[in-house]
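Below is one structure; the comments refer to it alone.
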Amino acid sequence: MSRIGKKAVPVPAGVSAEIAGQAVNVKGPKGALSFDVHELVEVAQTADGIAVKPKDESKLARSLWGMSRTMISNLIVGVSKGFEKKLEINGVGYKAALNGKTLTLSLGYSHDVLFPVPEGITIQVLGPKQDQIIVSGIDKQQVGQVAAEIREWRGPEPYKGKGVKYADEKIFRKEGKKK
């Protein structure tokens, strides 16, 4: 039994959820999102919120049960509060700048990296040295993907810690070569 799947997803005030067949459509103050639930999982609107349960006891249905409930929960949190990922840039001369809908990253290459900001994502560059980036939006998957793509340009290296890392990420530091 899925412990996560057993709980109904509460729908807060200001958010409206609509179930049409296997599609769950959610509208809130930050926007609208939808998710198509797999056909092995039933979705129903109850007094507690949105209830999810498997149609049968197959292994696939039980594994999709908790995942579907979490996806619906992420929709509701996204349209009401939104999601954000914080990135930090470490290194001499490494910085970021936002020019309209393009993020310009100076990461030690011979050229600046131009990263186009996708639709539905907001990027802020903070800090006195322009070394902090905040990626925010309503879709949790898209926010995480954009943050991962920015980090991919120059991931943190273990000797000096230079590169782009998540704000809560711990870099395992290695000792340098000894004489």
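Please treat every number below as a calculation from the coordinates, not as lab data. Worth saying up front: this structure is predicted, and the values here are computed from it rather than measured. Positions of Cβ are backbone-derived with ideal geometry, glycine not excepted, and every protein chain shown enters the neighbour counts.
Observations on the model:
- Spatial separation of Cα centroids for region 86-136 and region 20-66, in angstrom: 36 Å
- Space enclosed by the convex hull of the alpha-carbon atoms of region 3-80, per residue, Å³: 73 Å³
- Over 21 Å [Cα-Cα, region 83-166], rounded percent: 21 percent
- Compared with the dominant Cα axis of the chain, that is its longest principal axis, helix 59-80 is turned about 70°.
- For the chain, the spherically averaged projection of the C-alpha convex hull amounts to 14.6 nm².
- Helical content alone sets the calculated 222 nm signal of the chain at -7000 deg cm²/dmol, taking -39,500 (n - 2.57) per DSSP H segment of four or more residues and averaging over every residue.
- Per-residue Cβ neighbour counts within 10 Å put 171, 76 in the sequence 171, 76, beginning with the fewest.
- Fewest-first sequence of 166, 109, 94 by Cβ atoms within 10 Å of each Cβ: 109, 166, 94
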